[in-house]
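None of the figures in this text is laboratory data; all of them are computed from the coordinates on show. Worth saying up front: this structure is predicted, and the values here are computed from it rather than measured. Here the Cβ positions follow ideal geometry from the backbone for every residue, glycine too, while neighbour counts run over all protein chains shown.
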Amino acid sequence: MPVEPYDEEGDPEPGTHPMQYRHALTGGEGCIAQARHHATDFLTRLLDDHGLDVSPRAMDVTQLVVSELVTNALKYAPGPVLMELRHSGTTVVVVVWDSEPTVPAARAPDPDRIGQHGLEIVKAVTQDLDIQRQTVGKRITARITLTDTHDTRITTRP
């Protein structure tokens, strides 16, 4: 089993050189689209520069998760939002930090409710979702499997 580049607290393991990307989001026009674009670029670099298998599902799910988490952070938290993407073994890790300490909770199913399904969606499509209150704000960490046995893997860029 390969050594994971991050330990359980999300810190780099000694002697590893994990690939990661960090960006502060201001909430301006196009911010959410920009976050999705950064996620796509990150996964494309894993594929092209590092030769890792990345499934079409991983591409789509990562963009969806980034969009949902960043949208919620910008909607409910005052101040900046920080997004981090990193490669960890067979997963891509999406971390979104915001200044609002309230931990979100998935709501009970309601077929008449319009909207507010983001956390339910993220929980359904990720391998793992962790929400931690921080000294200031909160950190939401989602792990998405890079490959999927149901998808054809992308091995070269078109």
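Annotations
- Between Ala124 and Val103, the FRET efficiency estimated from the beta carbon spacing at R0 = 22 angstrom works out to 0.75.
- Gyration tensor (alpha-carbon) shape descriptor, region 91-137, a/c threshold 1.5: oblate
- For region 57-130, taking Cα atoms only, Rg and Dmax work out to 12.9, 40 Å respectively.
- Projected area averaged over orientations for region 29-158, convex hull of C-alpha atoms, nm²: 9.1
- Here the spin labels are modelled as points 7 Å beyond Cα on the Cα-Cβ line, and at Lys75 and Ile114 they lie 1.3 nm apart.
- Computed from the C-beta positions of Asp49 and Arg133, the FRET efficiency with R₀ = 25 Å rounds to 0.10.
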